[in-house]
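The values are calculated or read from the model by the stated rules, or taken from the named source; none is laboratory data. Small disclaimer: the values here were computed from a predicted structure and weren't measured. Here the Cβ positions follow ideal geometry from the backbone for every residue, glycine too, while neighbour counts run over all protein chains shown.
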Amino acid sequence: MLEILLYPDERLRRPADRVEAFDEELATFVAELSETVEAADGLGLSANQVGDERAVLVIVPTVDEDAPRIYVNPEITERAAVGLVQESCLSVPGIVGNVVRATEITVQAQDVNGASFEYALSGMDAVCLQHEADHLEGVLFIDRLSFLRRFLLRLRGKTATKG
Ligand code: NI
């Protein structure tokens, strides 16, 4: 299992690089990333959460079990049916917050062999993919919480540090 970086590790803030090499090493890494998210009982994981700089994410679909699990160079091309959803993150343990997300999306990506595909995701699968795509841009879900919520989290952080 790969080590999952924790907030505020600066590597979580680095935008990912586009994958150009679809080789054996990528296949091995993607397999390890998939095993890590399952072992951590997560719904998704991005490469930069384990210190890798490539634009790769994995999700564990819950709505559509046939949905692809691996997305290389993902790009969300359509977003619809926006709602407020509760999220958490393996890199930000202990924090749960409500984030505005589309609940229907279309994503274009490549598989581990470099073949392009397009897929429509809905519900938690769509939310999860947006959360992981954010990671690949260096964005965390806590950045998307309301100002008040972030203020309260900071206060809590200060208290914890003092304690
Ligand atoms: Ni996350």
Of the conditions (1) modelled with pLDDT under 95; (2) surrounded by 13 or more Cβ atoms within 10 Å (Cβ to Cβ); (3) over 18 Å from H135 (Cα atoms), the single one that A31 does not satisfy is (1)
Selection from the stretch 61-104 of residues under 14 Å from the mean Cα position of the chain (by Cα) and among the charged types (D, E, K, R) yields R69, E75, E87, R101
Scanning the stretch 27-69 for residues that are touching a His at 6+ places or on another chain (Cβ under 9 Å) and either in a helix (DSSP H, G or I) or of a type in the set (S, T, N, Q) (or both) gives S46, A47, N48, Q49
Taking the stretch 70-105 and the residues there that are assigned to a loop (DSSP other than H, G, I, E, B) and not hydroxyl-bearing (S, T, Y), the one that is surrounded by the fewest Cβ atoms within 10 Å (Cβ to Cβ) would be G94
Pairs returned, first residue in the stretch 1-18 that is farther than 16 Å from A39 by Cβ, second residue that is assigned to a helix (DSSP H, G or I) and of a type outside the set (D, E), beta-carbon separation under 6 angstrom, 6 or more apart or interchain, are A16/N48; A16/L136
If you go through the stretch 88-98 one residue at a time, do you hit one that is of a type in the set (V, I, T), in contact (Cβ under 8 Å) with a residue 24 or more places away in the chain and within 16 Å of the ligand (Cβ to nearest atom)? yes
Contact list, first residue from the stretch 122-141 and on the phi > 0 side of the Ramachandran plot, second anywhere and assigned to a helix (DSSP H, G or I) and buried (at least 19 other Cβ atoms within 10 Å of the Cβ), beta-carbon distance below 9 Å, six or more apart or interchain, is G138/L12; G138/N48
message: Could you go through the stretch 10-22 and let me know if any residue there is crowded, with 18+ Cβ neighbours inside 10 Å and within 13 Å of the ligand (Cβ to nearest atom).
response: yes
